[in-house]
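Worksheet: one structure, shown below.
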Amino acid sequence: MTPATPVPEVMTDAFGFLFGFYGLLLGLAVAEVTAGFSRAWDLRRRRPLGVVGPLFGAVLLLDLLTYWLAAWGHRGMASVTFQVTFISAIAALLYYFASTQVFPKEGEAESLDAHIMDHRKAVVVCVLASNLTTFLPTFVQEVLSLRQLDPAGLALWGGLNCVYYGLLVVAGWARSRRVVAGALVTCLVYMIAAYMVFG
């Protein structure tokens with residue numbers, strides 16, 4: 001979610017160079033979620049929209065936006081390395097794959113809920129993997145940077161993320177559609193509230 005420590009206000013050329021590539025991939029994922037819902041809306045008389053499918057789409061879209069914002073925390077990066085580029089590409093491509101799994105193609109499923117209940121684990125695993133590619137390195141970096149360590153801020157940031165990850169796991173593995181829908185609604189409220197309160 002939010003970075004644990006303040007970052008420089010100036011955006012480096014290295015960040016701008018990398019973000020052009022990274023932002024394109026994330027933008028494609030946002031477009032895929034939007035296009036998927038548009039297709040589902042057009043077919044709503046033949047295939048019920050349901051509840052769980054659109055909720056998964058909303059959670060993924062909001063997660064993409066928060067992930068995009070989190071990237072801004074690295075705007076002071078000094079250089080572009082293969083490792084950073086590779087990790088960024090993997091994270092963004094996982095998001096793109098997840099975005100293609102939320103809504104069915106035409107004729108693939110009888111309802112959105114039936115489709116997402118079959119594909120939700122893949123979506124959740126991809127979202128968790130993408131989040132953890134930035135969460136774990138940042139967490140380790142903050143722990144190792146003893147001079148700038150803010151234990152309270154780090155604990156809050158880590159705790160907020162872990163609660164969110166737990167809700168995603170419930171949405172991915174709970175058997176009841178009501179439980180899944182409840183976890184997704186909680187995810188949406190939780191993310192919006194967290195950003196409103198903590199910035």
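Annotations
- Checked against (1) in contact with a helix residue (DSSP H, G or I) (Cβ under 6 Å, 6 or more places away or on another chain); (2) more than 14 Å from Thr133 (Cβ to Cβ), Leu69 passes all but condition (1).
- Selection of region 99-108 for residues being crowded, with 16+ Cβ neighbours inside 10 Å and either at pLDDT below 90 or not in a helix (DSSP H, G or I) (or both) yields Phe103, Pro104.
- One residue from Leu112, Leu65 being more than 30 Å from Val10 (Cβ to Cβ) and aliphatic (A, V, I, L, M): Leu112
- A search for C-beta distances below 7 Å between a residue of region 22-40 that is touching a residue at least 12 places away in the same chain (Cβ under 8 Å) and any residue that is surrounded by 22 or more Cβ atoms within 10 Å (Cβ to Cβ) and not in a helix (DSSP H, G or I), counting only pairs 6+ apart in sequence or on different chains, returns Gly36/Phe103; Phe37/Phe103; Arg39/Phe103; Ala40/Phe103.
- Residues (at pLDDT below 95 and not in a helix (DSSP H, G or I)) located in region 150-174: Asp150
- The residues of region 45-68 that are over 25 Å from Glu106 (Cα atoms) and either in contact with a Pro (Cβ under 7 Å, 6 or more places away or on another chain) or in contact (Cβ under 8 Å) with a residue 60 or more places away in the chain (or both), listed by number, are Asp63, Thr66, Tyr67.
- Failed item in (1) part of a loop (DSSP other than H, G, I, E, B); (2) under 21 Å from Val180 (Cβ atoms), with Met11 passing the rest: (2)
- Hey, Ala122 within 25 Å of Arg44 (Cβ to Cβ) and touching a Leu at 6+ places or on another chain (Cβ under 7 Å) or not: no
- Test: residue in region 27-34 that is in a helix (DSSP H, G or I) and of a type in the set (D, E, K, R): yes
- Verdict on Tyr96 being surrounded by 16 or more Cβ atoms within 10 Å (Cβ to Cβ), in contact with a Leu (Cβ under 6 Å, 6 or more places away or on another chain) and of a type in the set (Ser, Thr, Tyr): yes
The values are calculated or read from the model by the stated rules, or taken from the named source; none is laboratory data. Here the structure is a predicted model, which is why all the values come from computation and not from measurement. Glycine gets a Cβ as well: all are built from the backbone with ideal geometry, and neighbour counts include every protein chain shown.
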